[in-house]
Amino acid sequence: MYRSVDGTTYELLATLNANTNAYTDLTSSALTSYYYYVAGSNASGVGEKSNIVRIKAGNHAPAFSGLANLYAKTGQTANEDFVVTDDAGDAVTVTIENKPAFVNVTHVSGNNFRLTANATQDNVGWYTLTLVATDNYGQSTSAIANITVADNKTKSVFIKLGTQAVAAPWNNWTGTRAAGSVISNLKDENNIPTAISLTSLTAWSGMNTLGHNTGNNSGVVPDAVLDNGIADNGASKQFRFSGLNQAMRYNVSFVGSMNEGLVATAQYTSGTESAILDARYNTNKRANLNGLVPDVNGQIVVTITRTGASAMNYLNAIILEEYTAATPMLNPSGLYAEAVDRNRIALSWVDRTNGESASGGYQIQRATDSLFTQSVAYLSLAANTTSYTNAGLVPNVKYWYRVRAKNGSTYSAFSNKFTVVTPASIVYVDFNTTLSNAAAPWNSLQSSSLAPFEIPALKNQSGANSNIGIRLEKVFNGEFTAGVKTGNNSGVVPDNVLASNYWLDNLQLGQFRLTGLNHSRRYRVGFIGSSSSVGWMKGNYTGAYSINGKTVYLNSWMNSSKVVYISDVVPNAAGEILLNFSTTAAAQWSFNSGIIIHEYSDAVGGSILFP
């Protein structure tokens with residue numbers, strides 16, 4: 001093989017084996033033109049040359065190096081420097097896909113770049129960033145960086161239980177827990193080893209591989225943490241932290257999550273501190289034991305007990321927070337809110353202090369602007385409150401919320417802010433064929449899912465024409481009639497809606513199309529399914545619901561309490577939204593009871609922060 005840069009002077013590039021008919025030149029320079037020919041050779045010399053080909057080498061894509069995860073504190077600046085190299089003379093820019101507002105990337109000099117985080121309480125949590133480097137020839141490459149944002153008043157240790165490991169700073173304690181098993185030298189939020197260890201004083205008998213995911217990491221911990229954990233159906237369990245500082249104070253927080261509708265409540269206790277958490281469909285709640293003081297040996301013991309009708313105990317993660325005894329009341333965290341209907345918004349948060357007043361120990365602040373200066377209202381709640389439903393609201397209004405703890409005239413800092421728009425109107429759709437229709441305001445389809453059909457005019461919550469239509473485009477497999485029946489319509493939707501479902505096989509795709517939508521509005525679509533032990537058997541029946549690339553999940557088994565939503569959906573140019581129904585890879589079937597459509601004004605609502 002011979003090569004030339006001018007088409008006149010050639011040099012031997014490579015000597016190849018007999019019968020070779022292909023070769024890759026790995027020594028070429030970017031954007032340089034080369035001439036090639038090949039000739040046969042033997043002991044007598046070189047034969048006639050082939051035809052000559054001319055080709056211009058392409059441009060290399062930029063390459064990342066030195067990019068590591070970033071650990072940030074609220075109120076402080078955190079930097080991570082990295083390098084991007086490319087062919088000489090190429091101009092490279094680096095951007096971040098779906099960039100959070102508190103994160104920036106800058107060009108320092110030459111090949112050197114810097115990732116910077118300036119986080120506030122609104123940003124506490126975990127983020128996975130995709131950085132994209134692009135040169136002036138259009139070549140690009142991407143790299144992943146994880147950012148952890150923690151409260152500057154505490155030092156935290158994160159422990160992940162279950163079957164799968166997750167990214168730092170989580171300490172992965174995978175597998176079942178035998179009595180006496182220990183994880184030592186736990187790393188803190190900065191991924192630095194500590195003297196702290198955690199011992200499982202009692203055994204856990206099993207694993208949970210069916211945690212409930214948000215679909216976009218908007219939960220109280222990342223989806224990879226919610227996804228799996230440990231489980232047990234026996235007596236009380238105990239964990240012991242060791243290596244603690246007796247002069248410090250500690251909060252111990254627990255996360256359990258199970259993607260099914262059976263009650264899964266556990267009580268967590270240490271000394272006089274106690275908290276309760278239901279792992280059923282949990283993505284946004286934690287059970288906290290606050291202000292704990294280690295014993296003389298630097299240890300804290302926690303007991304976990306199943307309560308009430310709970311057959312199982314589920315545990316996905318444990319979080320330890322360390323802070324000084326002189327630290328003022330810690331602010332609540334993880335505030336989450338969503339519209340229940342046109343006049344109600346449900347809120348939940350994490351209680352991180354044990355010093356609030358018995359009466360009025362928590363205060364919710366509500367406003368209609370992000371600076372909390374317009375239509376401001378204060379709602380007082382009892383100590384240890386971690387959830388509240390705000391009623392009497394006006395439809396089609398964007399409300400901002402934050403919450404703080406109170407002790408006498410002393411207040412903690414506020415939690416993160418959260419904004420929700422109350423719907424202007426709601427359309428309820430019941431998937432039924434032969435079972436009785438649901439009462440108004442539900443629109444019962446009364447149609448077989450085995451053939452396409454269309455209903456052009458659905459009614460809204462007031463019985464008026466919504467102008468929204470629904471069309472079945474990819475068929476389901478028929479009607480499933482073994483949904484949950486509460487007996488008194490006490491579920492999140494009426495019994496007649498829960499009872500009837502359209503069903504799908506594993507990974508089968510069913511599709512509905514919503515029509516007649518308003519281009520000036522935004523939509524939030526809820527999905528619900530239900531299957532029960534009356535006439536059916538326990539299983540993984542997780543539906544996967546997607547719109548415009550966003551996906552949420554719901555296991556219908558024994559569900560009477562959960563609707564999953566995809567928010568801030570924009571209709572296409574024809575005023576339509578395509579709804580995709582399927583299953584996860586592990587689910588045998590999915591059962592689909594109906595949908596709920598929230599409509600709200602773009603001018604008022606804009607984006608809802610989280611589903």
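Compute the distance from the alpha-carbon center of the stretch 574-589 to that of the stretch 126-154, in whole Å.
Here the answer is 30 Å between Cα centres.
So what is the 222 nm mean residue ellipticity for the chain from helices alone, if each DSSP H run of at least 4 adds -39500 (n - 2.57) and you divide by all residues, rounding to the nearest 500 deg cm²/dmol? Numbers along the way, then the final one.
Working: 3 runs with 13 residues, N = 611.
Calculated from helices alone, the mean residue ellipticity at 222 nm is -500 deg cm²/dmol.
Can you tell me the order of 140-146, 69-75 when each peptide is scored by its average per-residue count of other Cβ atoms within 10 angstrom, highest first?
69-75, 140-146
Suppose a student asked you for the relative contact order of the chain, using Cα pairs under 8 Å spaced at least 6 residues apart; what percent would you report? Before the final figure, lay out the partial values.
Details: 1697 pairs, mean separation 50.9, N = 611.
Relative contact order, the chain: 8 percent.
Less than 14 Å Cβ to Cβ from Val53, Lys/Arg counted +1 and Asp/Glu -1: what total charge do the surrounding residues give? Each step should come with its number before you reach the end.
Details: positive: Arg3, Lys49, Arg54, Lys56; negative: Asp25.
Overall, the nearby charge balance is +3.
Cut-off under 17 Å on the C-alpha distance; same-chain residues fewer than 8 positions from Lys538 excluded. Which lysines are left, in chain and number order?
Once the sequence-local lysines are set aside, what remains near Lys538 is Lys485.
Among 332-339, 382-389, 127-134, 588-595, how do they line up by average Cβ neighbours within 10 Å per residue, starting with the highest? Before the final figure, lay out each step's value.
Details: 332-339: 23.5, 382-389: 16.0, 127-134: 18.5, 588-595: 25.2.
Order by mean packing, descending: 588-595, 332-339, 127-134, 382-389.
For the stretch 425-605, what size does the Cα cloud have along each of its three principal axes, sorted from largest down, in whole Å?
Answer, in whole Å and largest first: 46, 34, 30 Å.
Can you list the aspartates and glutamates whose alpha carbon is less than 17 Å from that of Lys99, not counting same-chain residues fewer than 8 positions off?
Glu80, Asp122
I'd like the distance separating the alpha-carbon centroids of the stretch 1-62 and the stretch 282-336, in whole Å.
Result: 68 Å between the Cα centres.
Find the relative contact order for the stretch 425-605 and round it to a whole percent, using C-alpha pairs within less than 8 Å whose residues are 6+ positions apart.
Computed value for the stretch 425-605: 26 percent relative contact order.
Return a whole-number percent for the relative contact order of the stretch 2-56, with Cα pairs under 8 Å and 6 or more residues apart as the contact set.
Numbers: 61 pairs, mean separation 18.3, N = 55.
After rounding, I find 33 percent.
Anything over 22 Å Cα to Cα? Flag those among Lys237/Lys285; Lys187/Lys550; Lys155/Lys237, in the order listed. Walk me through the numbers on the way to the answer.
On the way: Lys237/Lys285 20 Å; Lys187/Lys550 34 Å; Lys155/Lys237 26 Å.
Table pairs above 22 Å Cα-Cα are Lys187/Lys550; Lys155/Lys237.
Which of the following values of P(r) over Cα pairs in 20 Å bins from 0, in percent was calculated from the structure shown: (i) 13, 22, 15, 13, 8, 12, 10, 4, 1, 0; (ii) 17, 43, 28, 10, 2, 0; (iii) 17, 47, 28, 8, 0?
Read-out taken from this structure: (ii).
Between Asn98 and Thr303, what is the spin-label point distance in nm, taking each point 7 Å from the Cα along the Cα→C-beta axis?
Distance between label points: 4.4 nm.
Rounded to the nearest Å, what's the spacing between the alpha carbon centres of the stretch 380-429 and the stretch 483-534? Just the number, please.
27 Å
Rank-order 438-445, 249-256 by packing density, defined as the average count of other C-beta atoms within 10 Å over each peptide's residues, highest first.
Values: 438-445: 19.0, 249-256: 24.2.
Ranking, from highest mean packing down: 249-256, 438-445.
Since every read-out is calculated from the coordinates, none of them should be taken as a lab result. Note that the coordinates shown come from a computational prediction; the quantities given were computed from them, not determined experimentally. Quick reminder, even Gly has a Cβ in these numbers, built from the backbone with ideal geometry, and neighbours come from all protein chains shown.
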